[in-house]
Amino acid sequence: MKKNKKNDSLENMLLFAWVISLVATLGSLYFSEIRQYIPCELCWYQRIFMYPIVLILGIAVVKKQYNAALYSAAFSGIGMFISLYHYAIQKLPAFAKSVPACGLVPCNGQYINWLGFITIPFLALVAFILIFITNVIILKRLEETNK
């Protein structure tokens, strides 16, 4: 019975991470397709790392494959650093000077700036951090179970 509760907990955490990735993906599609905000190059890289997480965790939730958290953690970890860099470019003057050429839209542009600090890269960063932390917890609990 104790193992059942542990599996339920792992399943809930996997579902939580999947919901976060789905909301982040739908949010990025909302900004680009409905609000017509053209993504900069760094936004595209963040999408490249977020979108597969929806598939990886979606399949993992259905099949109860908790080891998929390893792959999701890898994608979210890389995405987290891209988002952090992108956010630093937007908010820190020292980084703003080193803005890469981003095509039509500059990477330091801010389509939204809610409460003076919430931008699209910040939202992506929060999503990546939540997914990453949840995946690390899942992997630690799996390791404890296998001992």
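Coordinate-derived values only; no laboratory data. Predicted model only: the values in this text are computed from it and were never measured. For neighbour counting, all protein chains shown are included, and Cβ atoms are generated from backbone atoms with ideal geometry for every residue, glycine included.
Descending by average beta-carbon neighbour count within 10 Å, the peptides 34-45, 105-116 line up as 34-45, 105-116, the highest first.
Within the chain, which DSSP H helices have Cα atoms that stretch 27 Å or more along the helix axis and a mean Kyte-Doolittle hydropathy of at least 0.5? All intermediate terms of the calculation are to be shown ahead of the outcome.
Working: long enough: 2-29 (41 Å, 0.23); 41-63 (34 Å, 1.31); 68-91 (34 Å, 0.83); 120-146 (39 Å, 1.52).
Qualifying helices, which must be both long enough and hydrophobic enough, are 41-63, 68-91, 120-146.
Considering only Cα atoms, the convex hull volume of the chain works out to 114 Å³ per residue. Once Rg and the Kirkwood radius are both taken over the C-alpha atoms of the stretch 47-91, their ratio Rg/Rh works out to 1.12. Neighbours of Ser98 by Cβ distance under 15 Å: Lys/Arg scored +1, Asp/Glu scored -1, total +1. Over the chain, Cα pairs under 8 Å with separation of 6+ residues give a relative contact order of 32 percent.
Multiplying the residue separation of Lys5 and Leu139 by 0.36 nm and subtracting their alpha-carbon distance yields 46.6 nm.
Per residue, the Cα convex hull of the stretch 35-118 amounts to 114 Å³.
Would any residue of the stretch 115-136 have its amide N under 17 Å from a label point 7 Å out along Cα→Cβ of Ala74? List them or say none. Inside the label zone: 132-133, 135-136.
Against the empirical 2.2 N^0.38 Å (N residues), the stretch 72-147 has a Cα radius of gyration ratio of 1.39.
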